[in-house]
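Engineer: Have a look at this one.
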Amino acid sequence: MTVMQHIWIVLGVLFVLLNIAAGLIWVERRLLAMWQDRLGPNRAGPLGIFIVLADTLKLFFKEDWIPPFADKWVFILAPAIVVGSVLMSFVIIPFAPGIVVADLNIGLLFFLAMSSLGVYSIVLGGWASNNKYALLGALRGASQMIAYEVFMGLSVMGVVMLSRSFNLIDIVAAQENVWFVVTQPVGFVIFFIAGIAETHRLPFDIPEAESELIAGFHAEYSGMKFGMFFIGEYMGITLISAMTVTMFFGGWLGPAFLPPVLWFFLKTFFFIGLFILLRASLPRPRYDQLIEYGWKILLPLVLVNLLVTGAIALWLKS
Amino acid sequence: MQDANSILGHLQYRFGNDAFQQQPTVDGILTLWVGKDSIVSIIQHLKSSHPFLYDLCGIDERDRARKENMPPADFSVVYHLFSFKQNEFIRLKVALFGEYPTLPSITSIFKNANWYEREVFDMFGIRFDGHPYLKRILMPTTWKGHPLRKEHPARATEMGPFQYWDEKDDIEQEALRFKPEEWGMQQHSDDADFMFLNIGPQHPGTHGVLRIILQLDGEEIVDAVPEIGFHHRGAEKMGERQSWHTYIPYTDRVDYLGGVMNNLAYLLSVEQMAGIKVPDRVKVIRVMLCELFRINSHLVWFGTFAQDLGQLSPVFYMFTQREKIFDIIEAICGDRMHPNWFRIGGVAQDLPNGWEVLVKEFVDHFPKELKQYNNMVLRNSLIKARTKGIGIYTLEEAIEWGVTGPGLRACGFEWDFRKKRPYSGYEMFDFDIPIAQNGDCYDRSVVRVEEMRQSLRIIEQCLKNMPAGSYKADHPLTTPPIKKHTMQDIETLITHFLNVSWGPVIPPGEAMSCIEATKGANSYYLISDGNTMSYRTRIRTPSFPHMQMVPYISKGYTVADLLSILGSVDYVLADIDR
């Protein structure tokens, strides 16, 4: 590939991603409204789609206030980290054959590393705000994300064993015959749960817990800095959905009547919808219950899954 | 009266004949004046038979004209004790003299006396010796004067222009600062500093302007201090300047989710004093409306409770359902939340044509919906994990703290004032009292959901058996009176004219009614001095003692649990602050 082609892919991915993240404002609000027996935004433009524009404009023009008691530079840095780390993760996702920003042979590890960085944005944002609610949110966020980091990493190791590669293109290719969701159902479920916890969406939105901590770690943020957390969250959902599709649902693979890239997006949107449905239906567990659930149920489960997968892989080999 | 006499005899035997002076009251509650030196020992003694401090309030007696059958007094403090076993109230009064009198505190006997005594101090300037923390509770600490004293103005126009300059802003801000030392709280334990977290007055989880200050060790609640009074609108003071009739709309807004149920509590007292017996049709209409409002209030609770626990959707379904009930209420009363629809001696208008269709549609439709809601919320395992075993209190603790309503029934005690002390014709209806055993957040919720089903049963019976007859009592004090004969009969014309222009003159006396409101026992203790306005209006609301109990039941739990507890207590800020 030429340099120009690379640049076009990078710009294309960035363009599509940012638009999806913004578009999710509308998608989420319309879907929630549908499930909650109400209308949702339906005034601006066809089906209310221009709410995206209105919301973005609003965020840009709101006063970008930095509280005088905050730690200024860290306060500014925190929202940048979340967007940065999520965007970096997209680098390794193969959208279709040939459409990938960086074909890394340790792609999966890179993804795990980048999503671990996300926790810094919560902790630093909560700490720099110098607000008690933000601090509580940050502490909750830190312990939740560190706990679920572990299971997320372990849950995909079964996939790595089966495909014998950390490269995501190889992983997709290895699902030519059968999707890994069939051979790794436990891995899929745990990865998805960990993914919800990583993106701290309801039911695991414990760091922000609207009815308890108001907005938790980003309580003091306004304007576009808040917008960054907002966009970061939507991109996080997209990322986890895209990763789920790549690792367990055959990535771009699908019957030939649709182009591969469309298959990829369709599957991803299915999982984005699932994220929103979860938000519409489930209550929030308590913070210690979530952590306990992680360490006492998910960790043993994921380890057993790993052992069984390993044993079967060895048995098949011999 | 047999019981009442035997109690009086028993008390006289124990404390001597001279220790008591009996005052006859319209409501038939045994009312005894006792000396301020013996009040503590008498209440201590009575606690074995009357273990429930129902209410405690003050009265400024200085302007009272009709003081027959009562000893002279400048102020008095009134204790309402209740016995579940004998199902009766006893009212003790202490006469006090002087500008700012004192009397001994009973906080060592009843835990819930604490806030009540603070309220009396706040409103009258009466001091209680031995009270652990006698500070203002409803008024701002910077307030001058004690509002329920007769010399305190009731209208802003009597008080001179209100000014708020910068320095005053600083003073008010400083007064709101929480100082843990004042509450006897440690700033740090042996190995860690405590965090003091201010929840409210603006917080999505408090459902109103309530401030709770938490002393936190990590996320664990060491202690909590609710600060109330942000919603205080002087409902009791307003009772002293509104005519008996024009006070009705104010009652609507006390428990603002209870709507006309507040009217009922107030009117039962007024009608007792006026000696009005309402026709059966009025009773049944009132019961039907009250039960519709009970379902409404519980639906709001149900939705917001789920929302507090992070479940976003139920509140929308429940509010949709609530709108359907409001449609019925609007068709009947002409308004939704605060219809102000009951009148002295009746209701404002007869039921509209076709009301049966609306109610029938709802009665047929609602059980299915309710079942869905129940599956969605209470059968959800995450909700169970968040509420089971959280915020537990035992029956003894509930009685000690003055808990009534679903919170009491969740402790396994089958006590419902509609059943045990029927009013407004509840004895004619067939319904059960739902109870639960554990007294935790989950059980309180289960009881409320079951109560909605029972309310529905009552509404169904109202629908099937609505008596014919007048929607107003044929009594001169009925307001506004029946107008039919005004053009033929001078007596009726005069009564009509007076009741509409002045408002009715209620004969002198005292009466208290007690109803099972949406959140617990609600009472209006009214004193008439033979005037067009009440001399003293005391509103006993259920949320007040419930909120007082919150610190006690939330200790040792986490911040997230506090939200479950607050949700399950189901309070309304206006019901706390009045």
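The values are calculated or read from the model by the stated rules, or taken from the named source; none is laboratory data. If you're wondering where the values come from, they're calculated on a predicted model, not measured in any experiment. FYI the Cβ positions are ideal-geometry reconstructions off the backbone, even for glycines, and counts take in every protein chain you see.
Engineer: Could you list, in sequence order, all residues of region A:260-289 that are over 18 Å from the mean Cα position of the chain (by Cα) and either away from chain B (no Cβ under 14 Å) or modelled with pLDDT of 90 or more (or both)?
Structural biologist: A:260, A:261, A:262, A:263 - these are the residues of region A:260-289 that are over 18 Å from the mean Cα position of the chain (by Cα) and either away from chain B (no Cβ under 14 Å) or modelled with pLDDT of 90 or more (or both).
Engineer: What are the residue pairs meeting all of these: first residue in region B:507-534, first residue on the phi > 0 side of the Ramachandran plot, second residue part of a strand (DSSP E or B), Cβ atoms under 8 Å, and 6 or more apart or on different chains?
Structural biologist: Cβ pairs passing all conditions: B:509/B:527; B:509/B:528.
Engineer: If the requirement is being away from chain A (no Cβ under 14 Å), touching a residue at least 60 places away in the same chain (Cβ under 8 Å) and within 29 Å of residue A:35 (Cβ to Cβ), which of these qualifies: B:299, B:267?
Structural biologist: Being away from chain A (no Cβ under 14 Å), touching a residue at least 60 places away in the same chain (Cβ under 8 Å) and within 29 Å of residue A:35 (Cβ to Cβ) holds for just one of B:299, B:267, which is B:299.
Engineer: Given the conditions (1) at pLDDT 85 or above; (2) of a type in the set (Ser, Thr, Tyr); (3) crowded, with 19+ Cβ neighbours inside 10 Å, report the number of the one that residue B:470 does not fulfil.
Structural biologist: Only one criterion in (1) at pLDDT 85 or above; (2) of a type in the set (Ser, Thr, Tyr); (3) crowded, with 19+ Cβ neighbours inside 10 Å is unmet by residue B:470, namely (3).
Engineer: Let me ask something else about it. Scanning for something surrounded by fewer than 24 Cβ atoms within 10 Å (Cβ to Cβ), of a type in the set (D, E, K, R) and not in a helix (DSSP H, G or I), does region B:320-333 turn up at least one residue?
Structural biologist: The answer is no, given that none of the residues of region B:320-333 is surrounded by fewer than 24 Cβ atoms within 10 Å (Cβ to Cβ), of a type in the set (D, E, K, R) and not in a helix (DSSP H, G or I).
Engineer: Among the residues of region B:329-348, is there at least one that is closer than 30 Å to residue B:549 by Cα, more than 14 Å from chain A (Cβ to nearest Cβ) and not β-branched (Val, Ile, Thr)?
Structural biologist: Yes, region B:329-348 contains at least one residue that is closer than 30 Å to residue B:549 by Cα, more than 14 Å from chain A (Cβ to nearest Cβ) and not β-branched (Val, Ile, Thr).
Engineer: If you don't mind, there's one more thing I want to ask. Mind listing just one residue for me: the one in region B:536-546 that is touching an Asp or Glu at 6+ places or on another chain (Cβ under 6 Å) and outside any strand (DSSP E or B) and, of those, farthest from the other protein chains (Cβ to nearest Cβ)?
Structural biologist: Among those residues, the one meeting the criterion is B:541.
Results for (1) closer than 27 Å to residue A:65 by Cβ; (2) among the small types (Gly, Ala, Ser), shown as yes or no for each residue.
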site: A:153; (1), (2): no, yes
site: A:160; (1), (2): no, no
site: A:190; (1), (2): no, no
site: A:198; (1), (2): no, no
site: A:201; (1), (2): yes, no
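Engineer: If you don't mind, another one. Any idea which of B:41, B:76, B:49 is among the hydroxyl-bearing types (Ser, Thr, Tyr) and over 27 Å from the mean Cα position of the chain (by Cα)? Full working, then the answer.
Structural biologist: Working: B:76 fails: over 27 Å from the mean Cα position of the chain (by Cα); B:49 fails: over 27 Å from the mean Cα position of the chain (by Cα).
Answer to the selection: B:41.
Engineer: Residue by residue through region B:193-202, note down the ones that are modelled with pLDDT of 80 or more and either surrounded by fewer than 10 Cβ atoms within 10 Å (Cβ to Cβ) or not acidic (Asp, Glu) (or both).
Structural biologist: First, pick out the residues of region B:193-202 that are modelled with pLDDT of 80 or more: B:193-199, B:201-202.
Scanning region B:193-202 gives B:194, B:195, B:196, B:197, B:198, B:199, B:201, B:202.
Engineer: Next question, about the same structure. Considering only residues of region A:136-158 that are assigned to a helix (DSSP H, G or I) and of a type in the set (Val, Ile, Thr), which is farthest from the other protein chains (Cβ to nearest Cβ)? Please lay out each step first, then the result.
Structural biologist: Initially, region A:136-158 is screened for residues assigned to a helix (DSSP H, G or I), giving A:136-155, A:157-158.
With of a type in the set (Val, Ile, Thr) added as a condition, the list becomes A:146, A:150.
Working: A:146: 17, A:150: 22 Å.
Filtering region A:136-158 for residues that are assigned to a helix (DSSP H, G or I) and of a type in the set (Val, Ile, Thr), the one farthest from the other protein chains (Cβ to nearest Cβ) comes out as A:150.
Engineer: Do the conditions hold for residue B:110, that is, is it assigned to a loop (DSSP other than H, G, I, E, B) and either without any contact (Cβ under 8 Å) to a residue 40 or more places away in the chain or within 30 Å of residue B:418 (Cβ to Cβ) (or both)?
Structural biologist: yes
Engineer: Right, here's the next one. Specify the residue that is nearest to the chain's Cα centre (by Cα); the eligible residues are those in region B:296-318 that are part of a helix (DSSP H, G or I) and surrounded by fewer than 23 Cβ atoms within 10 Å (Cβ to Cβ).
Structural biologist: Here the residue is B:300.
Engineer: Might you let me know whether region B:277-292 holds any residue that is part of a loop (DSSP other than H, G, I, E, B) and crowded, with 20+ Cβ neighbours inside 10 Å?
Structural biologist: Looking for residues that are part of a loop (DSSP other than H, G, I, E, B) and crowded, with 20+ Cβ neighbours inside 10 Å, one finds at least one in region B:277-292, hence yes.
Engineer: Please go through region A:215-231 and pick out each residue that is outside any helix (DSSP H, G or I) and either away from chain B (no Cβ under 14 Å) or free of Cβ contacts under 8 Å to residues at least 12 places away in the same chain (or both).
Structural biologist: Filtering region A:215-231 for residues outside any helix (DSSP H, G or I) gives A:215, A:219-222.
Within region A:215-231, A:220, A:221, A:222 meet the criteria.
Engineer: Against the conditions (1) closer than 23 Å to residue A:17 by Cβ; (2) not in a loop (DSSP other than H, G, I, E, B), where does residue A:133 fall short? Just the number, please.
Structural biologist: (1)
Engineer: How many residues are over 19 Å from residue B:303 (Cβ atoms), within 14 Å of chain A (Cβ to nearest Cβ) and among the polar types (S, T, N, Q) if we restrict to region B:547-576?
Structural biologist: Final tally of qualifying residues: 2.
Engineer: Can you pull out every residue in region A:295-318 that is in contact (Cβ under 8 Å) with a residue 24 or more places away in the chain, under 29 Å from residue A:200 (Cβ atoms) and either within 13 Å of chain B (Cβ to nearest Cβ) or not β-branched (Val, Ile, Thr) (or both)?
Structural biologist: Within region A:295-318, A:295, A:298, A:299, A:301, A:303, A:305, A:306 qualify.
Engineer: Something else about it: Might you check whether a residue that is surrounded by 19 or more Cβ atoms within 10 Å (Cβ to Cβ) and within 30 Å of residue A:9 (Cβ to Cβ) occurs anywhere in region A:65-78?
Structural biologist: The answer is yes, given that some residue of region A:65-78 is surrounded by 19 or more Cβ atoms within 10 Å (Cβ to Cβ) and within 30 Å of residue A:9 (Cβ to Cβ).
For every residue, the table says whether it meets (1) within 14 Å of chain A (Cβ to nearest Cβ); (2) surrounded by 16 or more Cβ atoms within 10 Å (Cβ to Cβ); (3) in a loop (DSSP other than H, G, I, E, B).
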| residue | (1), (2), (3) |
| --- | --- |
| B:365 | no, no, no |
| B:370 | no, yes, no |
| B:382 | yes, yes, no |
| B:402 | no, yes, yes |
| B:415 | no, yes, yes |
| B:433 | no, yes, yes |
| B:436 | no, yes, yes |
| B:442 | yes, yes, no |
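Engineer: Kindly establish whether residue B:479 is more than 23 Å from residue B:124 (Cβ to Cβ) and free of Cβ contacts under 8 Å to residues at least 60 places away in the same chain.
Structural biologist: Here the answer is no, as residue B:479 does not meet what is asked.
Engineer: Now for a different question. Say whether the condition of being more than 20 Å from the chain's Cα centre (by Cα), of a type in the set (Ser, Thr, Tyr), part of a loop (DSSP other than H, G, I, E, B) and surrounded by fewer than 23 Cβ atoms within 10 Å (Cβ to Cβ) is met by at least one residue in region B:519-535.
Structural biologist: Yes - at least one qualifying residue is present in region B:519-535.
Engineer: Working only within region B:165-209, note down all residues that are within 19 Å of residue B:573 (Cα to Cα) and within 14 Å of chain A (Cβ to nearest Cβ).
Structural biologist: B:198, B:199, B:200, B:201, B:202, B:203, B:204, B:205, B:206, B:207, B:208
Engineer: Exactly one condition in (1) free of Cβ contacts under 8 Å to residues at least 12 places away in the same chain; (2) surrounded by fewer than 21 Cβ atoms within 10 Å (Cβ to Cβ) is not met by residue A:212; state its number.
Structural biologist: Failing condition for residue A:212: (2).
Engineer: Tell me which of these residue A:292 doesn't satisfy, since it passes every other one: (1) within 13 Å of chain B (Cβ to nearest Cβ); (2) surrounded by 15 or more Cβ atoms within 10 Å (Cβ to Cβ).
Structural biologist: The number of the failed condition is (2).
Engineer: Across region B:384-394, which residue is nearest to the other protein chains (Cβ to nearest Cβ) among those that are touching a residue at least 40 places away in the same chain (Cβ under 8 Å), assigned to a helix (DSSP H, G or I) and crowded, with 17+ Cβ neighbours inside 10 Å?
Structural biologist: At the first step, the residues of region B:384-394 found to be touching a residue at least 40 places away in the same chain (Cβ under 8 Å) are B:384, B:386-394.
Next, from what is left, pick out any that are assigned to a helix (DSSP H, G or I): B:384, B:386-387.
Add one more test, that the residue is crowded, with 17+ Cβ neighbours inside 10 Å, and what stays is B:386-387.
Values: B:386: 6, B:387: 10 Å.
Across region B:384-394, the extreme among qualifying residues is B:386.
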